[in-house]
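Participant: Mind looking over this structure? Questions follow.
The values are calculated or read from the model by the stated rules, or taken from the named source; none is laboratory data. These numbers come from a predicted model, not from an experiment. Heads up: the accessible areas ignore ligands, DNA and RNA and are worked out on the full protein's heavy atoms, side chains in. Shrake-Rupley method; radii C 1.70, N 1.55, O 1.52, S 1.80 Å.
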Amino acid sequence: MAAGLPADDRARAIIDLVRAEGYQTIEALAAQFGKTTQTIRRDVNHLCDRGMLRRKHGGVELPPEGENLAYPARQVLNFQAKRRIAELVARDVPDNATLFFGIGTTPEQCALALTDHPGLRVMTNNLNVAMALSRNPSCEITIAGGRVRNLDRDVVAAEAHGFFSRFSVDIGIYGVGAVAEDGTLLDFGPDEIEVRRNLAQHCRQRFLVLDHSKFGRDATMRGGHITEATAVFTDRPVPPAIAGQLKEAGVRLVVWSDDASATVSTTQQHNNGRG
């Protein structure tokens, strides 16, 4: 790692390293990033205070499996992967489209990628999405009412369960907590599943957006299947069994590729620049 990494980049790199390799001592992180132990300790204290990491015996580890990470941690985790997914999605959303947006950090990045699309009409229970798209002067935004989860800045409690059924739109963009080996969609609470199901039932196309870390990750509740999507957008090739299920179900799989193209299950090709 370069010693000159900016602090925000170093924080993201620390989280990615702990996620990839597990528990890290302060001394090991200091050596890895070419910083003093005092500097690294300030970094990890900040990350732990925000729920991104957990202190353990002179070092840090990820929060326990089966619990979702705090929203600020998810915002920086696999950040470039989410940006790439958002770029792919933005190319598939036409101007003047009507859209649903679900909760999560990857849908938030998709919203940020759409801030220059004219004439969008958006319905969402994700306040981060609403704030991102409010930068787009031609975007009409309708948000769900109900109790806000303060840290996540979304609305998933009972008042929001029927929100999306009031509308019928072109495309629904949604994420998921995890995907099981058999393609089952997993989340961390019944409200999240109920609102996602409601969203998927009332849009003509369903765009599932998820980075590679969601495959094989643990989450506690089952709800839906990956083949219920119209298209799946991700940053790396998916497990072969999942790819086979998507192909058999006729679901379009769009995968970022660093060789200046996005690979699609229908063998279509897209250039990486906005097209």
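Participant: Could you work out how far the C-alpha centroid of the range 171-188 sits from that of the range 196-212, in angstrom?
Facilitator: 9
Participant: Carbon and sulfur: what percent of the chain's accessible surface (1.4 Å probe)? Can you show the working numbers first?
Facilitator: Numbers: 6060 of 12540 Å².
Using a 1.4 Å probe with all protein chains present, the chain comes out at 48 percent carbon and sulfur.
Participant: Still on this structure, I have one more. Residue 214: which lysines have alpha carbons under 16 Å from its alpha carbon, excluding same-chain residues fewer than 8 sequence positions away?
Facilitator: Here the lysines satisfying the reach criterion relative to residue 214 are 82.
Participant: Per residue, how much accessible area does the chain show when a 1.4 Å probe rolls over the protein heavy atoms, in square angstrom? Before the final figure, lay out the partial values.
Facilitator: On the way: 12540 Å² over 275 residues.
Value for the chain: 46 Å² per residue.
Participant: Now for a different question. Nearest-5 percent of antiparallel DSSP beta bridges in the chain?
Facilitator: Looking only at bridges with both residues in the chain, the antiparallel portion is about 45 percent.
Participant: Which of 211, 92, 170 ends up with the largest GNM mean-square fluctuation for the chain, with Cα atoms connected below 10 Å?
Facilitator: Comparing 211, 92, 170 in the GNM, the peak value goes to 92.
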